[in-house]
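Participant: Input: one structure, supplied below.
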Amino acid sequence: MFVSGFTFVRNAVKLDYPVKEAVLSILPLCDEVVVAVGNSDDHTRELIEEIGDHRIRIIETVWDDTLRKGGKVLALETDKAFQAINPKADWAFYIQADECLHEKYLPDLSHSMEQWKDNHQVEGLLFDYRHFYGSYDFIADSRTWYRKEIRVLRNNPEIHSYRDAQGFRIGNRKLKVKQCGAKMFHYGWVRHPKFMQAKSIEASKLWHDDQWVQERFDPEKEFDYSIIDSLTHFDETHPKVMLERISRRNWQFYYDPSKKKFGLKPRILNWLERKTGYRVGEYQNYKLI
């Protein structure tokens, strides 16, 4: 079995993306990892090169900064990395620059890839998600956060990244997938408030024009993490590749998980989900088989 990892990133140092940890977390399962490094204003390429593993292959890309709607540029950059993987790969392991796979899932995930490798009805493997917010001690647990995403794909050139790079399609058809049992740890909302504000500004530019961004963000201010509806304490372990980064945390975030900022309808729907595990009206960008 040949597995190609792939990801994309730009300005990882400037915006404090844990892309180095993301790549390291999937390397044990990969025969290669393609990293599409976009035109950056910092030392992103050097950061990737510091990993020092022969399996990593960097391709340089140029982002289309004229695309300011729907995060489309993120899908285009994902596709550039996907199209650059080794043609002989059986599976392609996609990870975003702010995600990490816990090492405890490596054996079972490897088994799942072997199990479904020759069954081409299975076009991808579905991961559960843990979204960290504010610090490494809290996870977001309301309905506003997606619960599952495809992260292992069949090496099929007809597959393309969808909308803002959260899912994949063949044409307009959803991929047929199996649950793999692994959880992806998403750290996109955990960084110093100064970096979080800068990241939010840059991300907003992928959806909105300059006037919209300027009216809503002050680059001199720090991000306000208190604007969140519901969090819960995280009482498990983080991936080992994240521990050094976590030890460098240089900000404080306090939150009382017992205080929920819900209206009546969201409160009822969240209660129902916690009791039954069923999310009413959940958007699913995949077909579970």
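Participant: About the Cα centre of the stretch 108-165, what is the dipole size in debye to 20, counting +1 per Lys and Arg Cβ and -1 per Asp and Glu Cβ, all else neutral?
Facilitator: Details: 8 positive and 10 negative charges, 35 e Å.
My answer is approximately 160 debye.
Participant: Give me Phe253, Phe82, Phe6 sorted ascending by neighbouring Cβ count inside 10 Å, so fewest comes first.
Facilitator: Final ranking by Cβ density, sparse to dense: Phe253, Phe82, Phe6.
Participant: Show me the GluC sites (Glu not before Pro) within the stretch 207-289 that DSSP assigns to loop and that have at most 11 other Cβ atoms within 10 Å of their Cβ.
Facilitator: Hits after loop and neighbour filter: Glu220, Glu236, Glu282.
Participant: Taking the alpha-carbon distance from Lys259 and a cut-off under 21 Å, which lysines remain once sequence neighbours fewer than 8 residues away in the same chain are dropped?
Facilitator: Within the straight-line cut-off, Lys259 pairs with Lys275.
Participant: Whole Å is fine, so just give me how far the alpha carbon centre of the stretch 57-113 lies from that of the stretch 220-286.
Facilitator: Here the answer is 25 Å between Cα centres.
Participant: Show me the GluC sites (Glu not before Pro) within the stretch 1-80 that DSSP assigns to loop and that have at most 13 other Cβ atoms within 10 Å of their Cβ.
Facilitator: Glu50
Participant: Past the 27 Å Cα-Cα mark, which pairs from Lys88/Lys174; Lys20/Lys72; Lys14/Lys69; Lys183/Lys221; Lys194/Lys261?
Facilitator: Result: Lys183/Lys221 exceed 27 Å.
Participant: Taking neighbour Cβ counts within 10 Å as the exposure measure, how do Cys100, Cys180 sort from fewest upward? Walk me through the numbers on the way to the answer.
Facilitator: Details: Cys100 26, Cys180 22.
With the fewest neighbours first, Cys100, Cys180 line up as Cys180, Cys100.
Participant: At a 10 Å Cβ-Cβ cut-off, how would you order Ser200, Ser226, Ser142, fewest neighbours first?
Facilitator: Taking fewest neighbouring Cβ atoms as first place, the list is Ser226, Ser200, Ser142.
Participant: Name the shape class, rounded, prolate or oblate, that the alpha-carbon gyration tensor gives for the stretch 58-164, where a ≥ b ≥ c are the square roots of its eigenvalues, rounded holds for a/c under 1.5, and otherwise prolate holds if a/b is larger than b/c and oblate otherwise. Walk me through the intermediate numbers first.
Facilitator: Details: a/c = 1.83, a/b = 1.03, b/c = 1.77.
Oblate shape, in that a/c is at least 1.5 and b/c is the bigger or equal ratio.
Participant: Helix-only mean residue ellipticity at 222 nm, the chain, DSSP H runs n ≥ 4 weighted -39,500 (n - 2.57), per residue, nearest 500. What is it?
Facilitator: -7500 deg cm²/dmol
Participant: Out of all DSSP beta bridges with both ends in the chain, state the antiparallel percent to the nearest 5.
Facilitator: 45 percent
Every number here is computed from the coordinates shown, using simple stated rules; none is lab data. Keep in mind the model is a prediction, meaning the values are calculated, not measured. Counting neighbours? That spans all protein chains shown, and the Cβs are built from the backbone with ideal geometry, glycine included.
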